[in-house]
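The values are calculated or read from the model by the stated rules, or taken from the named source; none is laboratory data. Values in this document were obtained by computation on a predicted structure and should not be read as measured data. So basically every Cβ, Gly included, is an ideal-geometry build from the backbone, and we count neighbours across all protein chains shown. These accessible areas exclude ligands, DNA and RNA; they are computed on the full protein's heavy atoms, side chains included. Shrake-Rupley method; radii C 1.70, N 1.55, O 1.52, S 1.80 Å.
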Amino acid sequence: RSATPALVELVVSPSGLAGNPGTLASPTTLEGARDLLRKASRSQAGTLRVLLRGGIYPRSATLDLTSLDTGTEANPIEYVAYANEVPRLVGGVSLGTSSLKLMDASDVNASRLDSSVRSHVWVADLSAWSGSLGSLDSRMNDKGSVNQAAECFVDGVAMSLARYPDAVDSESVVLARKWM
């Protein structure tokens, strides 16, 4: 009779702490789970699983996974969502509604837009993040197409980058970027 493979599970949460053991009562972080798995015993065959609790995981740095993190046939490593929960890894900047304002005549770009659309254009000053966001030029691929890494979401819905006058839908809110 063969032994049942062991299952090692680590729990990760957006509120977890890197030094925690990765239990349901004391969840760890993504980096914490990775580091614990690197130290885990591989003496018994079994799956090493990281359970991501639901919620938003703000990311300002890449989660570096190397050959140490690939697992083996006897000890595969899995990163999965906790049952019935939705984890979201978000590498962007979150702006509150107070960061948005309707375009007005004082905006340097207002004169470039037809007055009939100005009341549909919301502006966010992204100058505080311009160093980390790069430019639209840096998001172009070698064929001149825009890489859609530059995105804006409002209440979970993807917005279009401002592209007046090429495509204007007067029924929807158009977001403009303001680079200072």
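This table checks each residue for (1) at pLDDT below 95; (2) touching a Cys at 6+ places or on another chain (Cβ under 6 Å); (3) over 23 Å from residue 152 (Cβ atoms).
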residue	(1), (2), (3)
17	no, no, yes
22	no, no, yes
44	yes, no, yes
60	yes, no, no
66	yes, no, yes
69	yes, no, yes
84	no, no, yes
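The set of residues in the stretch 7-35 that are under 16 Å from residue 82 (Cβ atoms) and surrounded by fewer than 14 Cβ atoms within 10 Å (Cβ to Cβ) comprises 7, 15, 23, 24, 25, 26. Screening the candidates 49, 88, 38, 42 for the property of being part of a helix (DSSP H, G or I) and open to solvent by 30 Å² or more (accessible area, probe 1.4 Å) yields one hit, 38. If the condition is being more than 23 Å from residue 91 (Cβ to Cβ) and open to solvent by less than 60 Å² (accessible area, probe 1.4 Å), then the stretch 60-76 contributes 71, 74, 75, 76.
For the stretch 91-110, the criterion of being more than 30 Å from residue 156 (Cβ to Cβ) and either surrounded by 12 or more Cβ atoms within 10 Å (Cβ to Cβ) or touching a Phe, Trp or Tyr at 6+ places or on another chain (Cβ under 9 Å) (or both) is met by no residue.
The condition (being outside any loop (DSSP other than H, G, I, E, B) and open to solvent by less than 60 Å² (accessible area, probe 1.4 Å)) is satisfied by just one residue among 79, 57: 57. Here is the figure for the stretch 111-126: residues that are loosely packed, with under 12 Cβ neighbours inside 10 Å and touching a Phe, Trp or Tyr at 6+ places or on another chain (Cβ under 7 Å) total 0.
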